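The values are calculated or read from the model by the stated rules, or taken from the named source; none is laboratory data. All figures in this text were calculated on a predicted structure; none of them were measured in a lab. Don't worry about glycine lacking a Cβ; one is built from the backbone with ideal geometry, like all the others, and counts go over all protein chains shown. Accessible surface is based on the protein model in full, side chains and every heavy atom, while ligands, DNA and RNA are left aside. Shrake-Rupley method; radii C 1.70, N 1.55, O 1.52, S 1.80 Å.
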Amino acid sequence: MFITGETSKKRSAIVVLKDVILALLIREVKTRFGAYRIGFIWALLEPIAHVLMFSVIFGARAREGFGGVETPIFIFTGIVPFLLFQNLFNRCKSAASANKGLFHYRYVKPFAAFIARIILEVMIFVFVACSLLALFWWAGYQVAIEDVLKCFVIILTLVVFASSLGVIAAFLTEFFPESDKVLGIIMKPMLFVSGVFYTLDMIPQQYHVYLIWNPILHAIELFRDAFIDGFESSYVSYPFVFMCAMTSLFIALRLYRSHWTRMVAS
């Protein structure tokens, strides 16, 4: 499955890294979906369950219950980017610990494990988003995207932010194993404070000061703004999300450069 030393000498470091990432990606797919006959369909169950549950709670019959936005579309634009963030964070956090046995191979490094999981989560996101949009179109909902490029930029920024936080968390749990429980507690209320099923316009302005520091809320509001025609939010800022992503990326890369050998050695 992995590359021998004799073969790798004939290849550049980039080619070797690409082959290792591909091998790890295939391993991740088999590990997560190989045991199930319907495979990737399981990836649809969680977002579908969320969309159905919150649509029922907020009234699926009220097709324009969120300022002219159809309820399932509104929930979709919140839950799908949130699940992308949550899954990327959790998968990157556990990427090194789940692949420790493979680090005995000379060319398998934690970096490749992180990249493989990021690629897989992005693939699942694209599959889930396209499948749900197809279902909405079939059901008669309006699924036209207002600004595709802006949606892409927001999702890319969210991927960088979530992945970087996950890598930081991986090192944090490596240094302090007890922190894994603390991170789990912190992540639990994120679904309810990230604007998944509400907007800042629905919250009294005196409470904005407690929510506005959450970059995930900014990302979801910006994604809705780019996705839904006529939807606007004057309280969020893309530069804030971008700076959070770049700061997290810098810290993650700095930690990796200084301490990746600890993950291999342990």
Using 5 Å bins from zero, what percent of all Cα-Cα pairs in region 67-161 falls into each bin? 2, 12, 19, 20, 15, 11, 8, 6, 4, 2, 1, 0
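Rolling a 1.4 Å sphere over the protein heavy atoms, what is the accessible area per residue of the chain, to the nearest Å²?
54 Å²
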Give the carbon-plus-sulfur fraction of the accessible surface of region 95-248 in %, rounded to a whole number; probe 1.4 Å, heavy atoms of protein chains only. 71 percent
Calculated from DSSP H runs of 4 or more alone, at -39500 (n - 2.57) each and per residue, what is the 222 nm mean residue ellipticity of the chain, nearest 500? -23000 deg cm²/dmol
In region 161-247, the chymotrypsin sites (Phe, Trp or Tyr not before Pro) that sit in a DSSP loop and have at most 12 other Cβ atoms within 10 Å of their own Cβ are TRP213
Given 13 as the ceiling on other Cβ atoms within 10 Å, longest exposed-site-free region of the chain for GluC sites (Glu not before Pro) in DSSP loops: 65-177
Under a Cβ-Cβ cut-off of 12 Å, what is the net charge of the residues other than ILE119 that fall near it, where Lys and Arg count +1 and Asp and Glu count -1? +1
Where does each of ASP229, ASP201, ASP180 land when they are ordered by accessible area, with a 1.4 Å probe and the largest first? ASP229, ASP201, ASP180
Take peptides 71-84, 92-105 and line them up by average Cβ neighbours within 10 Å, highest first, as a rough protection proxy. 71-84, 92-105
Calculated log₁₀ intensity ratio I(q)/I(0) where the Debye formula runs over C-alpha points of the chain, q = 0.09, 0.11 Å⁻¹: -0.46, -0.67
So for region 154-203, what percent of the C-alpha to C-alpha distances run longer than 18 Å? 48 percent
